[in-house]
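Q: Before I ask anything, here is the structure I am working with.
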Amino acid sequence: MLRYITALITCSAIVLGTIHGSAVAADAKFDPSNPFYAPSTLPFHAPPFDKIKDEDYQPAIEAGMAEQLSEIQAIADNPAAATFDNTMVAMEKAGQLFQRAMAAFRVVAGANTNPVLQKVRTEEAPKLAAHRDAIYLNAKLFARVASLYQQRATLKLDPESLRLLGVTYDMFVRSGANLSEADKTKLKKLNEEISTLSNAFSTKLLAATKDGAYLTTDKSALAGLSDAQIAAAAQAAQSRKQEGYVLPLQNTTQQPDLASLSVRATREALFEKSWDRTERSDANDTRDDIAHLAQLRARRAQLLGYPNHAAWKLGDQMAKTPEAALKFMDALVPGATAKAASEGKDIQDVIDAQKGGFTLQPWDWNFYSEQVRKAKYDLNDAEVKPYFELNNVLENGVFYAANQLYGISFKERRDIPVYHSDVRVFEVSDADGKPLALFYCDYFKRDNKNGGAWMDSFVEQSKLLGTLPVVYNVANLPKPTPGEPAFISFTDVTTMFHEFGHALNGMFANTEYPSLSGAATARDFVEFPSQFNEHWALYPAALAHYARHYKTGAPMPADLVAKIKKAENFNQGYKLTELVAAAELDMQWHTLAASAALQQPDAFEKQALEKMHILLAAVPPRYRSSYFSHIWNSGYSAGYYAYLWSEMLDDDAYQWFEEHGGLTRANGDRFRQMVLSRGNTEDLAKMYAAWRGKDPSVEPMMRYRGLQESAH
Ligand SMILES: [Zn+2]
């Protein structure tokens, strides 16, 4: 199963701090006609996208920061002794304008951007970093939090409040609250430099990915693509006002079209476009940025008292230390690379049998592995796609599984304004019929959308604030020509289940405090609910319900289902190797000491992969360092291993379901009550063990991937 895909959730908790808030009069200079001025009057406080114009974001974000700072300062300056209520609860209530402006801005900046929004993003990036610092480096505020933390044993707090206090105190300390004034100034400067560089990286990468598209006027170069794919390539060229055909780049190293393109020169050219997108020594070259980012992050870690960036980042994670994460990954390398090598041999056999006369290269892998797959696994996308019409997958698959497990139901709302016409909105009702959440989905690829797929929230659930969750999923699924149904691959089906798993984590949130709500968990836990939800895509009762032929309504034939399941084990060596390679790269960059020299990214990358025994010529990392957006601009630095770590959890959890009767309301309700609704309200390892009855083990993961025989 192609997991993790490029899915990520935009962790506002990591990027923007976790201070949330309630309605308060806005800054005097802030125009009351700005649509963010007052809380939204729409159902669930949904953002009023019909009223929001591009130029409304920046003044609202700035007024929101000013308002939050004055609220925070009032808490810090309170002459009364610190109490949980006048400090912790007051902090949770602060910054609501900032929150609602940023939540709306994040979606358009990530999924529907334009030059105006990019300019806002560039201008605000350093201010946002400074804003976070102004809160977490406020000495008077920290003194109040610290005094409460010292008295925590006598405050008689409920467990969630105690957790809030512990998490907040830790966040202050990790943000540098214990530093001297001089060091705090250094830290602020480093944070701003890092934020600016990270933003520059992101802007360059978006441009590089767009510019890197493969362009040809020679239709024969596209041999192997279907008529529909060629038509889409012609349309892509047209929309860019270019002659001929365009194959836009996906954000991963491998490109989907490489599986079909039969002209080897075209494959090589497309692969090179992808591989070198940010290494062309032009305005979009990111190598200098990432080398400096790694160095600045190492210096920041040193200032905060940690040996390296990874040690700083992992302190509050389930893995706790880089060593534990590296040990976990090292354990995956031998099995992954041995399987990849044997898959490579199968492919070379096909090349040789066809008298190809060349050695397998990365750009050949998917083309020939597709043939190996057809020969050995006898499944191709064209055969399955008629059974996976997007809307049917959504309503009769993704929604259906959630209904069977948790009793929730969905009704489309066409009256809620959206930021793009591709976006759909559903109201989610709980099993007892009560309103639970709003869910938005924005599935189709656009050139002005960041790559991959992700989940985020417009409104977070909080009993304290009286808010219900408003969450969304974004993906980059191929958009059909107008009027045609959208047929998707099983990989795309999996992506939809995955992102919806994040959405469930947000929608089931049932917590007092917004900063502990929903998906505001550790990075090596946050992918657990999403990856776990992928399992239902192939669960027989769910599959039978949604996998129906778009014309006849006939269920997918049993032999085709069997083929899909068998195909799940196909290419697992390659897939795990490219992921572990990317995760190792991330960890190697971020265990550099502050004293290390500025690195040459290409040499560093090669050396790092050699050192970890994962440098296979035909199996490049899923992301090259220079376009590894997760680690340079989205909160996953020293955290890419988390996808694999979470897989250990999700397979282990699914095994529990298998042992307890599978897709049932009783199982779903117990999981919702003990895990999905709990957010970050308790220690995550303990939460997991309490639900599972034991600590997670790695065996189910190796077994589900076909890398180890069943113990049963
Ligand atoms: Zn995810």
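The values are calculated or read from the model by the stated rules, or taken from the named source; none is laboratory data. Just so we're clear, the structure is a prediction, and the values are computed from it rather than from any experiment. Glycine also receives a Cβ, built like all others from the backbone with ideal geometry; neighbour counts cover every protein chain displayed.
Q: Across region 494-510, which residue is farthest from the ligand (Cβ to nearest atom) among those that are part of a helix (DSSP H, G or I) and among the aliphatic types (A, V, I, L, M)?
A: Met507
Q: Now, a different point. What's the number of the condition Leu270 fails, among (1) of a type in the set (A, V, I, L, M, F, W, C); (2) in a helix (DSSP H, G or I); (3) in contact with a Lys or Arg (Cβ under 6 Å, 6 or more places away or on another chain)?
A: Looking at each condition in turn, Leu270 falls short on (3).
Matching residues to (1) within 16 Å of the ligand (Cβ to nearest atom); (2) farther than 20 Å from Trp454 by Cα; (3) assigned to a helix (DSSP H, G or I):
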position	(1), (2), (3)
Asp602	no, yes, yes
Glu605	no, yes, yes
Pro621	no, yes, no
Ala638	no, no, no
Met648	yes, yes, yes
Asp651	yes, yes, yes
Phe657	no, yes, yes
Gly668	no, yes, yes
Phe671	no, yes, yes
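Q: Report every pair of residues separated by at least 6 positions or lying on different chains whose Cβ atoms are under 6 Å apart, first residue within region 142-160 and more than 11 Å from Thr87 (Cα to Cα), second among the hydroxyl-bearing types (Ser, Thr, Tyr) and not in a helix (DSSP H, G or I).
A: Qualifying pairs under 6 Å: Glu160/Thr681.
Q: Continuing with this model, one more query. Consider Asn450 against the criteria (1) exposed (fewer than 15 other Cβ atoms within 10 Å of the Cβ); (2) in contact with a Leu (Cβ under 9 Å, 6 or more places away or on another chain): it satisfies all of them except one. Which criterion is unmet?
A: Here Asn450 clears every test but (1).
Q: Any residue in region 198-212 that is of a type in the set (S, T, N, Q) and over 28 Å from the mean Cα position of the chain (by Cα)?
A: no
Q: Could you say whether any residue in region 541-552 is of a type outside the set (A, V, I, L, M, F, W, C), within 16 Å of the ligand (Cβ to nearest atom) and more than 28 Å from Met171 (Cβ to Cβ)?
A: Scanning region 541-552, I find no residue that is of a type outside the set (A, V, I, L, M, F, W, C), within 16 Å of the ligand (Cβ to nearest atom) and more than 28 Å from Met171 (Cβ to Cβ), so the answer is no.
Q: Then there is this: Against the condition within 12 Å of the ligand (Cβ to nearest atom), among the acidic types (Asp, Glu) and more than 27 Å from Pro159 (Cβ to Cβ), how does Glu534 come out, does it pass?
A: Answer is yes for this residue.
Table: residues versus (1) more than 21 Å from Ala581 (Cα to Cα); (2) within 24 Å of the chain's Cα centre (by Cα).
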site	(1), (2)
Asn284	yes, yes
Ala291	no, yes
Ala294	no, yes
Arg300	yes, no
Gly305	yes, no
Ala319	no, yes
Ala324	no, yes
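Q: May I pose another question? Looking at (1) more than 16 Å from the ligand (Cβ to nearest atom); (2) surrounded by fewer than 23 Cβ atoms within 10 Å (Cβ to Cβ); (3) part of a loop (DSSP other than H, G, I, E, B), which is the one condition that is false for Glu427?
A: In the conditions (1) more than 16 Å from the ligand (Cβ to nearest atom); (2) surrounded by fewer than 23 Cβ atoms within 10 Å (Cβ to Cβ); (3) part of a loop (DSSP other than H, G, I, E, B), Glu427 misses (3) alone.
Q: Please indicate, with yes or no, whether at least one residue in region 517-524 is touching a strand residue (DSSP E or B) at 6+ places or on another chain (Cβ under 9 Å) and either more than 15 Å from the ligand (Cβ to nearest atom) or over 24 Å from Gln317 (Cβ atoms) (or both).
A: yes
Q: Let me ask something else about it. Step by step: first the residues of region 467-484, then only those that are under 13 Å from Phe444 (Cβ atoms) and touching a helix residue (DSSP H, G or I) at 6+ places or on another chain (Cβ under 8 Å), then the one that is farthest from the ligand (Cβ to nearest atom). Which residue is that?
A: Only one residue tops the list, namely Thr481.
Let's see how each residue does on (1) touching a Lys or Arg at 6+ places or on another chain (Cβ under 8 Å); (2) more than 15 Å from Asp257 (Cβ to Cβ):
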position	(1), (2)
Asn191	yes, yes
Ile194	yes, yes
Ser198	no, yes
Lys219	no, no
Leu225	no, no
Ala228	no, no
Ala237	no, no
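Q: So Phe490 clears everything in (1) in contact with a strand residue (DSSP E or B) (Cβ under 8 Å, 6 or more places away or on another chain); (2) modelled with pLDDT under 95; (3) away from the ligand (no atom under 16 Å from the Cβ) except one condition, right? Which one?
A: Going through the list (1) in contact with a strand residue (DSSP E or B) (Cβ under 8 Å, 6 or more places away or on another chain); (2) modelled with pLDDT under 95; (3) away from the ligand (no atom under 16 Å from the Cβ), Phe490 breaks only (1).
Q: State whether one or more residues within region 405-417 are in a helix (DSSP H, G or I) and either more than 16 Å from the ligand (Cβ to nearest atom) or more than 30 Å from Gly679 (Cβ to Cβ) (or both).
A: Yes, the conditions are met somewhere in region 405-417.
Q: Now for a separate question. Only one of these conditions is not met by Ser697: (1) free of Cβ contacts under 8 Å to residues at least 60 places away in the same chain; (2) part of a helix (DSSP H, G or I); (3) over 17 Å from Leu576 (Cα atoms). Which number is it?
A: The failed condition is (2).
Q: Right, something else. Identify the residue in region 305-324 that is touching a residue at least 60 places away in the same chain (Cβ under 8 Å) and of a type in the set (Gly, Ala, Ser) and, among all such residues, is surrounded by the fewest Cβ atoms within 10 Å (Cβ to Cβ).
A: Applying the filter and picking the extreme gives Gly315.
Q: Moving to a separate point now. Hand me the list of helices (runs of 4 or more DSSP H) wholly inside region 70-161 holding 1 or more residues that are modelled with pLDDT under 95 and over 22 Å from the mean Cα position of the chain (by Cα).
A: 115-136, 139-150
Q: Answer yes if at least one residue in region 22-42 is modelled with pLDDT of 95 or more, of a type outside the set (A, V, I, L, M, F, W, C), surrounded by 19 or more Cβ atoms within 10 Å (Cβ to Cβ) and in a helix (DSSP H, G or I), and no otherwise.
A: No; the residues of region 22-42 include none that is modelled with pLDDT of 95 or more, of a type outside the set (A, V, I, L, M, F, W, C), surrounded by 19 or more Cβ atoms within 10 Å (Cβ to Cβ) and in a helix (DSSP H, G or I).
Q: Looking at region 276-290 only, could you name the residues that are in contact with a Pro (Cβ under 7 Å, 6 or more places away or on another chain) and either without any contact (Cβ under 8 Å) to a residue 60 or more places away in the chain or surrounded by fewer than 21 Cβ atoms within 10 Å (Cβ to Cβ) (or both)?
A: Result: Arg287, single match.
Q: Being closer than 20 Å to Phe500 by Cα and assigned to a loop (DSSP other than H, G, I, E, B) narrows it down to one of Gly433, Gly452, so name that one.
A: Going through Gly433, Gly452 in turn, just one is closer than 20 Å to Phe500 by Cα and assigned to a loop (DSSP other than H, G, I, E, B): Gly452.
Q: On to the next question. Within region 546-578, can you find the residues that are of a type in the set (A, V, I, L, M, F, W, C) and in contact (Cβ under 8 Å) with a residue 60 or more places away in the chain?
A: Once the filter is applied, which keeps residues that are of a type in the set (A, V, I, L, M, F, W, C) and in contact (Cβ under 8 Å) with a residue 60 or more places away in the chain, region 546-578 yields Ala547, Met556, Leu560, Ile564, Ala567, Phe570, Leu576.
Q: Which count do you get for residues in region 65-113 that are of a type in the set (Gly, Ala, Ser), under 21 Å from Thr511 (Cβ atoms) and touching a residue at least 60 places away in the same chain (Cβ under 8 Å)?
A: 3
Q: Moving on to the next point. Among what's in region 535-561 and is in contact with a helix residue (DSSP H, G or I) (Cβ under 6 Å, 6 or more places away or on another chain) and more than 28 Å from Gly668 (Cα to Cα), pick the residue that is surrounded by the fewest Cβ atoms within 10 Å (Cβ to Cβ).
A: His549
Q: If you don't mind, there's one more thing I want to ask. Give region 586-595 a look and list any residue that's in contact (Cβ under 8 Å) with a residue 40 or more places away in the chain and within 12 Å of Ala310 (Cβ to Cβ), or say none.
A: Across region 586-595, the qualifying residues are Asp586, Met587, Trp589, His590, Thr591, Leu592, Ala593.
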